[in-house]
1. What percent do you get for the relative contact order of the chain when only Cα pairs under 8 Å and 6+ apart count?
2. For the chain, find the longest principal axis of its Cα atoms and tell me its angle to the long axis of helix 2-14, 0 to 90°, nearest 10.
3. Once R0 is set to 30 Å, what does the formula 1/(1 + (r/R0)^6) return for the Cβ-Cβ distance between THR237 and TYR143, expressed as a FRET efficiency to the nearest 0.05?
4. Restricting to lysines 8 or more places apart or on different chains, can you count the pairs in the stretch 115-250 with Cα atoms under 22 Å from each other?
5. How large is the accessible surface per residue of the stretch 115-250, computed with a 1.4 Å probe and reported in Å² as a whole number?
6. Carbon and sulfur atoms: what percent of the 1.4 Å accessible area of the stretch 343-410 do they account for?
7. Would you please classify the overall shape of the stretch 204-248 from the alpha carbon gyration tensor, given that a ≥ b ≥ c denote the square roots of the eigenvalues, rounded means a/c under 1.5, and beyond that prolate means a/b larger than b/c while oblate covers the rest?
8. Rg over Rh of the chain, using C-alpha atoms and the Kirkwood radius, what does it come to?
Amino acid sequence: MAEDKKMKELREKLLSGKKNGYDKFDVKEEKAMESYCADYKAFLDAGKTERECAAELVRLAEKVGFKPFARGMKLKAGDKLYFRNRGKSVYLACIGKKPLSQGAQIAAAHIDSPRLDLKPNPMYEDSELCYFKTHYYGGIRRYQWTTVPMELHGVVALKNGEVIHLNIGADEGDPKLVITDLLPHLGAEQNKKPLSEAVPGEMLNLLLGSRPLPEGEGSDKVKLAVMQLLNEKYGITEDDFTSAELEAVPAAKACDIGLDRSMIGAYGHDDRVCAYAAFRALLDLKKTPEKTAVCILADKEEIGSDGVTGMQSAAFDTFMEDLCEAQDVPVRVCLEKSFCLSADVTAAFDPNFADVFEKRNSALINYGIGLCKYTGARGKSGASDADAETVAYVRSLFDEANVIWQIAELGKVDAGGGGTVAMYMANRNIATMDAGVPVLSMHSPFETVAKLDCYETYKGMTAVFQAKN
Ligand code: MN
Ligand code: MN
């Protein structure tokens with residue numbers, strides 16, 4: 001018996017002993033977790049595109065006293081500021097007690113999600129059915145997006161400068177759109193194709209209508225009837241699609257998953273689940289942080305972070321430079337002392353597809369926020385690969401704040417891979433580490449996450465913002 005006890009002690013002292021988050025979770029936090037997740041679900045339903053998310057974030061930030069930042073503003077500790085870049089990405093800051101020469105604590109996430117964008121000439125009629133042609137945005141498995149109720153959200157910019165906001169799905173009772181698929185009875189040939197070829201990109205056509213105009217001759221009477229409806233409601237004509245950003249997104253609302261309600265199913269967890277955690281952590285800061293806390297909610301991550309609203313855009317550097325200028329600090333001095341948590345989702349181990357994971361290094365549902373030292377593919381290509389010191393920094397920060405966390409890779413070596421905004425932050429000379437919520441069915445129209453992991457990610461972000469060093 002004595003020997004058993006000694007062994008147990010030795011085991012506890014020397015071995016890591018992974019535990020389910022619920023074995024460590026303080027039940028006193030249960031209420032806080034549920035209320036946080038309820039707010040998160042409401043956020044998901046309010047924002048199904050990057051523009052809608054940006055608008056909702058600004059609305060929520062203004063409600064608690066965040067002010068729009070303008071170049072040349074005088075800044076003092078405790079000031080809460082935001083900047084919205086072209087309606088599609090949002091940068092927020094809470095000015096710290098220490099000057100920016102001591103660096104900033106940054107959390108960077110993205111608010112764009114995979115979806116189907118309308119082509120510039122989207123509308124057509126075929127066999128007396130009317131359709132929109134789409135071009136998918138981000139890495140999707142195309143077969144997952146058929147026979148799913150869809151909504152249409154976005155903007156149409158007119159030549160006169162007016163921007164019309166379109167949202168088919170916002171109102172209860174709104175109609176939905178759908179992409180049809182083949183019936184099994186006639187699917188024999190399609191069944192033989194690999195998944196990646198069964199539904200080609202040009203087949204992702206959204207069904208819009210079927211009822212022709214009641215009278216008159218000529219072709220395209222269904223298309224004309226649908227266009228008439230759009231014209232009545234939004235005042236647009238077919239030519240206006242040229243300067244539009246219309247995004248087809250899954251119609252489902254966020255909801256609890258599981259009989260135990262321990263998970264959340266929704267469209268767009270990637271990466272709104274981390275974006276919301278970072279954002280809420282900044283909003284909920286009780287005291288002025290030691291260092292300036294910065295929250296970046298970027299666009300375009302799903303297609304490489306390029307573009308004027310992506311994380312590679314100089315808009316971020318300009319924002320930081322403007323903040324630094326207010327304190328007479330060269331921006332390079334601030335960045336080299338800054339830390340960034342690149343907050344993006346990771347793959348959750350799925351026992352249904354165990355063979356693409358390496359179990360010892362996979363993020364598990366309910367094991368807390370997943371740290372990733374590196375992402376990338378084919379030998380870590382495209383990863384910033386955080387140094388050991390940075391990983392140690394995050395470990396100690398999370399442990400001190402009782403954050404439940406795990407460390408993982410995205411999948412088996414050479415099984416695939418992925419990237420985040422981490423490298424774009426690290427390339428700017430900012431010590432950067434990846435961390436985020438593990439997701440099941442990532443990039444599908446309906447992704448699943450665990451409530452515990454959402455809440456622990458929020459706690460992790462809080463720890464980053466409140467850090468003294
Ligand atoms: Mn992501
Ligand atoms: Mn993604």
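1. On the way: 1004 pairs, mean separation 103.2, N = 469.
Reported relative contact order: 22 percent.
2. The angle comes out near 60 degrees.
3. Details: r = 34 Å, r/R0 = 1.14.
Approximately 0.30, to the nearest 0.05.
4. Lysine pairs meeting the criterion: 16.
5. Numbers: 7840 Å² over 136 residues.
Computed with neighbouring chains in place, this is 58 Å² per residue.
6. Details: 1680 of 3370 Å².
Of all accessible area on the stretch 343-410, carbon and sulfur atoms account for 50 percent.
7. Values: a/c = 2.15, a/b = 1.52, b/c = 1.42.
Judged from the Cα gyration tensor, the stretch 204-248 comes out prolate (a/c at least 1.5, a/b above b/c).
8. Numbers: Rg = 23.9 Å, Rh = 23.7 Å.
Rg/Rh: 1.01.
The values are calculated or read from the model by the stated rules, or taken from the named source; none is laboratory data. This structure is a prediction, so every number in the text was calculated from the model and none was measured. In this analysis, Cβ positions are derived from the backbone assuming ideal geometry, glycine residues included, and neighbour counts consider all displayed protein chains. Remember, those area values only see protein heavy atoms, side chains included, never the ligands or the DNA or RNA. Shrake-Rupley method; radii C 1.70, N 1.55, O 1.52, S 1.80 Å.
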